[in-house]
Amino acid sequence: TKKNPFKPTPEVLEKIVELASLGCTQAQIARNLHLRPDSFAHLKVQHPQLHQAVMQGKAQGIAYVTSKLRECIAKGNVQAILFYLRCQAKWRDDDVVILK
């Protein structure tokens, strides 16, 4: 009995987007689909829509977290402001300028 070939159904693609948006690694996504990570890597080459689903999910997750970070910044959360500056402006703690 030959195993049925993998087919990226809309449900599978939706699941990949969701898992990637939650921050799952590609190995974790593969295991969730009952695949070995190396098999998933090969399938992404054969079915580019799998790779696109991973990238879409990652982008959605980043957009969501970024929106929450911006909300914290808007409320004056100093830790959020410093985090943003460190990540986006390459700001370092020793960059502090003391105004007289």
ask   = Simple spin-label model, 7 Å along Cα-to-Cβ: T9 to N77 in nm?
value = 3.9
query = Treating the beta-carbon of each Lys and Arg as +1 and of each Asp and Glu as -1, no other charges, what is the dipole magnitude of the chain about its Cα centre, to the nearest 20 debye?
reply = 200
query = When Lys and Arg each count +1 and Asp and Glu each count -1, what net charge do the other residues less than 15 Å away from A80, Cβ to Cβ, add up to?
reply = +3
query = Per residue of the chain, what 222 nm ellipticity follows from adding -39500 (n - 2.57) for every DSSP H run with n ≥ 4, rounded to the nearest 500?
reply = -21500 deg cm²/dmol
Calculated from backbone phi, Karplus (6.51, -1.76, 1.60) coupling profile of region 64-78 in Hz, x at Gly/Pro = 5, 5, 4, 5, 5, 4, 5, 4, 5, 5, 4, 8, x, 5, 4
query = In the full protein assembly as shown, how much of V17 is accessible to a 1.4 Å probe, in Å² to the nearest 10?
reply = 20
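The values are calculated or read from the model by the stated rules, or taken from the named source; none is laboratory data. Note that the coordinates shown come from a computational prediction; the quantities given were computed from them, not determined experimentally. For neighbour counting, all protein chains shown are included, and Cβ atoms are generated from backbone atoms with ideal geometry for every residue, glycine included. Only protein heavy atoms, including side chains, enter the accessible area calculation; ligands, DNA and RNA are left aside. Shrake-Rupley method; radii C 1.70, N 1.55, O 1.52, S 1.80 Å.
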